[in-house]
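A short write-up of the structure that comes next.
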Amino acid sequence: MPTDFHQKSLFLLSEQLSARGLDTNFLIQKIASFQIAVPSWALGAGGTRFGRFLIGGEPRNLEEKLEDIGLLARITKRTDAVSLHIPWDIPQDVQLIKQKAADLHIRFDAMNSNTFQDYGQPLTYKMGSLSNADPNIRKQAVEHNLLVIEIGKELGSKGLTVWLADGSNFPGQAHIRKALQWTTESLQEIYVGLPADWKLLLEYKPYEPNFYHTVIPDWGTSALICRQLGERAKVLVDLGHHLPNTNIEQIVATLMHQNMLAGFHFNDSKYGDDDLSTGSIKPYQLFLIFCELTNGAEEKAQTWESISWMIDASHTTKDPLEDLIQALESISQAYAKSLVVDRNQLNQCQLEGDVVGAQEVLQDAFLTDVRPLVREARIQSGGELDPLGYYRREKIREKRILQRGKNTQASGL
Ligand code: RM4
Ligand code: MN
Ligand code: MN
């Protein structure tokens, strides 16, 4: 895209926005400071239960994963952090990894424990981890989480994300109430080991890998447990972890109302936990979610800074780096659109019961082409005008394949 085209479209948009009383520079600053973490497991080919098709040039180790995120950070300026999954990403040399991340200007976002797999563990999680009927298995799972905290402390992380696959496949398989109690007790032990300046992000998911019952299936169960843990435990919303047609923006509003929103895992889905690129299927829903987020922060329900942002997607068809560039762009666009909502007008419509007017206000913001703002925020931060174009022009994937090989496989699912 030519630079002068960008300048012209930015000029036209700022005229339009200032007519609505909005300050373009203020918006650009806000967009520029919004950073979204990238998970270490999203840089290789994602598998399904039917197989996995390699992409070529996948990162072979943690250093190479950091290099990929460093590239994203440099060209998009929309990410400045990595979220590690243990045991997939145990650093062999902590100092080296810290140095590498610092050189690439990358922070360590929340650490993810993994008790949905049990590779290398003496006891199996086949029948559950933190919820297991066997106290020794629960102990092993608690200790794994404590180890993850220790690794995270060394790296400078400030959060532990817990997602549990625990549940059952058949009626009668599990004692539903006891499983919840054991899970709560296990999490209480983990919470005791949480440093004072850390938070615990408790993720929920209705089904998969278990299909009859999941111990923490929804935001309500997660919130109930968090309340029993303490104020540093909050609910993590993964956009793909809802039954079809769930009103996610309402969940966001409710959690913010209770100061209980820990953070986000961005992705998109058509049916279940599809882990598709954010904004590729339901961009209007993403916009409405951001409307609740920006409004909740503006009205001081919960501070913006207290919420963690991360992409959690799986790339089975696209080049992961291209997909992440697209996702970072979509998220920034949804955020920018939520910032141009005429709040006063909307409040007025709500007071007067003007349903038509309220819809007009939201649609007006949603249909505003905010891309010039997002581009300008990126350029002013030192990023590329067109990151995807740059990635293709520079033949980054081809270079990765030459350097790393065609059949490399990154750790992950
Ligand atoms: C789960 C959940 C977790 C992620 C794993 C890989 O469905 O979304 O956040 O760590 O997948
Ligand atoms: Mn997730
Ligand atoms: Mn998921």
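The values are calculated or read from the model by the stated rules, or taken from the named source; none is laboratory data. Worth saying up front: this structure is predicted, and the values here are computed from it rather than measured. Virtual Cβ from ideal backbone geometry, glycine too; neighbours counted across all protein chains shown. Accessible surface is based on the protein model in full, side chains and every heavy atom, while ligands, DNA and RNA are left aside. Shrake-Rupley method; radii C 1.70, N 1.55, O 1.52, S 1.80 Å.
A102 meets each of the listed conditions (1) more than 29 Å from V235 (Cβ to Cβ); (2) out of contact with any helix residue (DSSP H, G or I) (no Cβ under 9 Å at 6 or more places or on another chain); (3) open to solvent by 60 Å² or more (accessible area, probe 1.4 Å) apart from (3). Hey, can you tell me all the residues within region 216-246 that are in contact (Cβ under 8 Å) with a residue 40 or more places away in the chain, more than 14 Å from ligand 1 (Cβ to nearest atom), touching a Phe, Trp or Tyr at 6+ places or on another chain (Cβ under 8 Å) and not basic (K, R)? Listed by number, the residues that qualify are T221, L229, A233. Which ones in region 144-166 are within 16 Å of ligand 2 (Cβ to nearest atom) and touching a Phe, Trp or Tyr at 6+ places or on another chain (Cβ under 7 Å)? Selection gives G159, L160, A165. Write out, first by first residue and then by second, each pair whose Cβ atoms fall under 8 Å of each other, whose residues are 6+ apart or on separate chains, and whose first residue, in region 73-96, is touching a residue at least 60 places away in the same chain (Cβ under 8 Å) while the second is open to solvent by less than 10 Å² (accessible area, probe 1.4 Å) and basic (K, R). Pairs found: T76/R378; K77/R378; R78/R378; D89/K65. When Y284 is tested against (1) buried (at least 20 other Cβ atoms within 10 Å of the Cβ); (2) among the hydroxyl-bearing types (S, T, Y); (3) touching a residue at least 60 places away in the same chain (Cβ under 8 Å), exactly one condition is not met: (1).
This table checks each residue for (1) more than 18 Å from L164 (Cβ to Cβ); (2) open to solvent by 10 Å² or more (accessible area, probe 1.4 Å).
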| position | (1), (2) |
| --- | --- |
| T214 | no, yes |
| P217 | no, yes |
| R227 | no, yes |
| E231 | yes, yes |
| G240 | no, no |
| E249 | yes, yes |
| M256 | yes, no |
| K270 | yes, yes |
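Scanning region 30-76 for residues that are crowded, with 23+ Cβ neighbours inside 10 Å and of a type in the set (D, E, K, R) yields E58, K65, D68. How many residues, within region 151-190, are in a helix (DSSP H, G or I) and either within 15 Å of L229 (Cα to Cα) or in contact (Cβ under 8 Å) with a residue 12 or more places away in the chain (or both)? Looking only at that region, the number is 19.
Within region 205-215, the presence of at least one residue that is in contact (Cβ under 8 Å) with a residue 60 or more places away in the chain, within 16 Å of ligand 3 (Cβ to nearest atom) and of a type in the set (A, V, I, L, M) is confirmed.
Here's the yes/no breakdown for (1) within 24 Å of R371 (Cβ to Cβ); (2) within 16 Å of ligand 2 (Cβ to nearest atom); (3) open to solvent by 30 Å² or more (accessible area, probe 1.4 Å):
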{"site": "S280", "(1), (2), (3)": "yes, no, yes"}
{"site": "C291", "(1), (2), (3)": "yes, no, no"}
{"site": "E298", "(1), (2), (3)": "yes, no, yes"}
{"site": "T303", "(1), (2), (3)": "no, no, yes"}
{"site": "S314", "(1), (2), (3)": "no, yes, yes"}
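Inspect region 311-320 for any residue being more than 14 Å from ligand 3 (Cβ to nearest atom) and either in contact with a strand residue (DSSP E or B) (Cβ under 9 Å, 6 or more places away or on another chain) or of a type in the set (A, V, I, L, M, F, W, C) (or both) and give the result as yes or no. Scanning region 311-320 turns up no residue that is more than 14 Å from ligand 3 (Cβ to nearest atom) and either in contact with a strand residue (DSSP E or B) (Cβ under 9 Å, 6 or more places away or on another chain) or of a type in the set (A, V, I, L, M, F, W, C) (or both). Taking region 115-130 as the range and being buried (at least 23 other Cβ atoms within 10 Å of the Cβ) and within 24 Å of the chain's Cα centre (by Cα) as the test, the residues that pass are T115, S129, L130. The residue that is farthest from D274 (Cα to Cα), counting only those in region 231-246 that are more than 16 Å from ligand 3 (Cβ to nearest atom) and part of a loop (DSSP other than H, G, I, E, B), is E231. For region 360-380, the criterion of being open to solvent by 40 Å² or more (accessible area, probe 1.4 Å) and closer than 30 Å to H85 by Cβ is satisfied by no residue at all.
The residues of region 133-182 that are away from ligand 1 (no atom under 16 Å from the Cβ), of a type in the set (S, T, N, Q) and surrounded by 16 or more Cβ atoms within 10 Å (Cβ to Cβ), listed by number, are Q140, S168.
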